[in-house]
Amino acid sequence: IGMYWVDEKEIKEVSEVIKTRNYFRYQGPGVETRTSKCEKQWCDYLETDFSLLLTSGTNALVVGMAAFGIGPGDEVIIPSYTFVATASAVMQVGAIPVIANIDESLTLDIREVEKVFSDRTKAIIAVHMDGLVSELDSLSDFCKEKQIYLIEDAAQACGGEYKGQKVGTIGDFGAFSFNMDKVISCGEGGLLVIKKGMHQEIKKRAFITHDTASQYGQTMKEEFKDIAPFFGISSRLNEINSAMLSEQLFKLPKILEKLRERKSMWVKAFESAGVSYYKGHDQKGDTSTCIHLKCSDPMEAALLAKKLLKENIKALPAQFKPAHACWQWMESMSKRDYFVPGLNP
């Protein structure tokens, strides 16, 4: 969606970076790079005090879980309707994804969460799928009661809100994605946001985890002098992506305004035709990237999609959406194989 809102401004910003021939996010102590500036812009937009740009939304989840100490032996509850990256991120830190069913909002059902909770549960990932906002009050209360973490996967809901607060900032941490299918995009990218006021050591651990070498270079060395060195991964964002993303963030409010105008128009048309649709837990905060029409069975969904496509209306039954529902990827959560077999949780 965001990729359709690219114009001369993004081209100008990216061109300026290319001309410098310096695409690295670190350029010496005290130097504000495009990446560090973009992170500050995200903090301002989300009204938080820590944001970290990464190469993908998946890596934002991985780095966040690692920073919070989620790992081998832990269980993380995820919804049955989510992109495969939610499950794979949990497995990459050695934890076990536990699938809970969704409610009529197509997001996590607290009653189903309660059913699969165990003494090994360390966190819950609320996914704001297709821009539909999860019911965060009951999930937050449950996490506080059980003393576990609430994570927001807001990859598909950038700019969405729950009761006036930006999604991604309500849980202990949130993860966003900026690939070409998201609300805004810089080609590939992600953002980790840690809840305001969280302990400084968690934020430093997140930074080191996302870029192991940063603790040894001159630019960041002073930042980490009070924390023991450890190895993480390499998933830092570069100056080219950051330059484009800064301009996309500037356009985000207008993009959301236009999306919401269009969805409102379509909703009125479907309602007048007697077609019902699924709603998130905060319709005002919905990013309005999709309308989810209710059908009685998969066959009706397929026929309706065919009918809409004939009218040049982009439509797709959920069962055809690649890797976005548990029945498409849950078989891969097995003991058969893993990218490093010995690490299979």
- Task: Report the full-extension gain for the segment Asn22 to Gln319: residue separation times 0.36 nm, less the Cα-Cα distance, to one decimal in nm.
- Result: 102.5 nm
- Item | Cut-off 11 Å between beta-carbons: net charge of the residues surrounding Ile148, Lys and Arg +1, Asp and Glu -1 | -1
- Note on the structure: So the FRET efficiency between Asp44 and Met299, C-beta based with R0 = 41 Å and rounded to 0.05, is 0.25
- Counting sequence-distant residues (5 or more places) and residues on other chains, those with an amide H built under 5 Å from that of Phe117 are none
- For the stretch 30-110, count the residues as N, evaluate 2.2 N^0.38 Å, and divide the Cα radius of gyration by that value, please. 1.33
- Item | Where the Cα pairs of the stretch 264-329 fall when distances are cut into 5 Å bins, in % | 3, 14, 22, 29, 19, 10, 3, 0
- Message: Antiparallel versus total DSSP beta bridges in the stretch 120-253: what percent is that, nearest 5?
- Response: 50 percent
- In the chain, what is the volume of the convex hull around the alpha carbon atoms, normalised per residue and reported in Å³? 150 Å³
- Query: Normalised by the residues of the chain, what does the relative contact order come to in percent, with Cα pairs under 8 Å and at least six apart?
  - Reply: 23 percent
- Query: Do any of Lys279/Lys306; Lys163/Lys195; Lys203/Lys225; Lys182/Lys294; Lys166/Lys204 go past 21 Å between their Cα atoms, and which?
  - Reply: Lys279/Lys306; Lys182/Lys294; Lys166/Lys204
- Message: Taking loop as defined by DSSP and a crowding limit of 11 other beta carbons within 10 Å, which GluC sites (Glu not before Pro) in the stretch 240-315 fit?
- Response: Glu311
- Message: Rolling a 1.4 angstrom probe over the protein chains, ignoring ligands and nucleic acids, what is the accessible area of Arg260 in square angstrom, nearest 10?
- Response: 80 Å²
- Within the stretch 149-225, what percent of beta bridges assigned by DSSP are antiparallel, to the nearest 5? 70 percent
- Message: Using only the heavy atoms of the protein chains and a 1.4 Å probe, how would Cys43, Cys290 rank by accessible area, largest first?
- Response: Cys290, Cys43
- DSSP beta bridges in the chain: the antiparallel percent, rounded to 5, is 50 percent
- Task: Would you mind counting up the charge near Ser276? Only other residues with Cβ under 11 Å from its Cβ, with Lys and Arg at +1 and Asp and Glu at -1.
- Result: 0
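Using just the helices of the chain, give the 222 nm mean residue ellipticity in deg cm²/dmol: DSSP H runs with n ≥ 4 each add -39,500 (n - 2.57), and the total is spread over all residues, rounded to 500.
Taken over the chain, the calculation gives -11500 deg cm²/dmol.
Given the stretch 226-345, what whole percent of its Cα pairs are spread farther than 27 Å?
49 percent
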- Do any GluC sites (Glu not before Pro) in the stretch 70-175 lie in a DSSP loop with no more than 12 other beta carbon atoms within 10 Å, and if so, which? Glu104
- Message: What whole-number distance in Å separates the alpha-carbon centres of the stretch 19-67 and the stretch 290-345?
- Response: 32 Å
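The values are calculated or read from the model by the stated rules, or taken from the named source; none is laboratory data. Given the structure is predicted, the values throughout are model-derived calculations rather than measurements. We place every Cβ from the backbone using ideal geometry, glycine too, and count neighbours over all the protein chains shown. With ligands, DNA and RNA removed, areas are computed over all heavy atoms of the protein, side chains included. Shrake-Rupley method; radii C 1.70, N 1.55, O 1.52, S 1.80 Å.
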